[in-house]
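First the structure, in the form of structure tokens, and then the observations on it.
Bear in mind that the values in this text are calculations on the coordinates, not laboratory data. No experiment lies behind these values; they were computed from the predicted model shown.
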């Protein structure tokens, strides 16, 4: 028997392909993963945000340029996405801080906090999208 055919208690010891779609992640794990993903988006989006901020504060003409940029739909949607990531990241971070303090360590409480972070961030994102598009 070769190394690749060895078994432990009848199970092969060779690597087995695992698809992430086969797993059922709990809501707390999903919020934790998206907390990290939103942090990456915030880090990447910080560069254009600083450029727009600097341009708007540099002069009155720069402010008008930024206002003109913000009238373009893809720029509006990018600002919406950035602020939605910021809001979700803040809520998920507060949830993690509560857990660090010992609050919400039980699965039921952690699940409620996770759902709360998702629901509040969706409500904020929907309201913000309405403000950016229709007002």
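The C-alpha atoms of the chain define a longest principal axis, and helix 73-100 lies at about 50 degrees to it.
Rounded, prolate or oblate: pick one for the chain, where a ≥ b ≥ c are the square roots of the eigenvalues of its C-alpha gyration tensor, a/c under 1.5 means rounded, and failing that, prolate if a/b is larger than b/c, else oblate. Prolate, because a/c is 1.5 or more and a/b exceeds b/c. Between residue 100 and residue 120, residue separation times 0.36 nm minus the direct Cα-Cα distance comes to 5.1 nm.
The stretch between residue 133 and residue 70, if pulled fully straight at 0.36 nm per residue, gains 21.6 nm over its current Cα-Cα span.
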